[in-house]
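Here is the structure we will look at, set down as structure tokens.
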């Protein structure tokens, strides 16, 4: 009887050890296979300025991910009025907190509106891209263009900031985030009364401008 009890005890201990090992392995797999995190660092164009909550392009992106059955979590760290300097200063803490798989950088427009040096804008964007890559994230840069009244030369130089950063830092690029919004025959149709911020009707187009490049980056994990 005593031998039988010892045998049962050894059998129970073996099962318990196997159960613990299985649980630990399961947790390790869950951590390794965790859903990707998409971190959006932007300005008012991504922060739903003047829009009903949940109607901006970032919220529509979350809906698209769900509809396409793509398991990913979106963190919108956009702040209205932010510049590339602000984004650069905020990014290290955001990377530590959220450990993103993919970082979408949507900044630069406010730099131009405030007349900040293009060299500084380029350096800030390049630093943000580099920090994100060093943290293990892929980077998607959303390019911007200025209205014609800023002049052809300045417009060209501003546009080249984004292409240059994408090339030197090896990031993905959406050449013009507001394509189909700001370059329509009636440039005011898809903007709010201030003629600066896209309205709710423009948000699906903005989301669709980002989606192909973002989907490609997610698929490349």
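For this structure, a couple of remarks:
- Put the Cα centre of the stretch 120-168 next to the Cα centre of the stretch 173-195 and the gap is 19 Å.
- Förster radius 22 Å - calculated FRET efficiency between residue 154 and residue 123 (Cβ-Cβ, nearest 0.05): 0.75
- Proxy reagent accessibility, fewest Cβ within 10 Å first, across 46, 80: 80, 46
Any read-out appearing in this document is the output of simple, stated calculations on the displayed coordinates, not a laboratory observation. Predicted model only: the values in this text are computed from it and were never measured. Here Cβ is always computed from backbone atoms with ideal geometry, including for glycine, and neighbour counts include all displayed protein chains.
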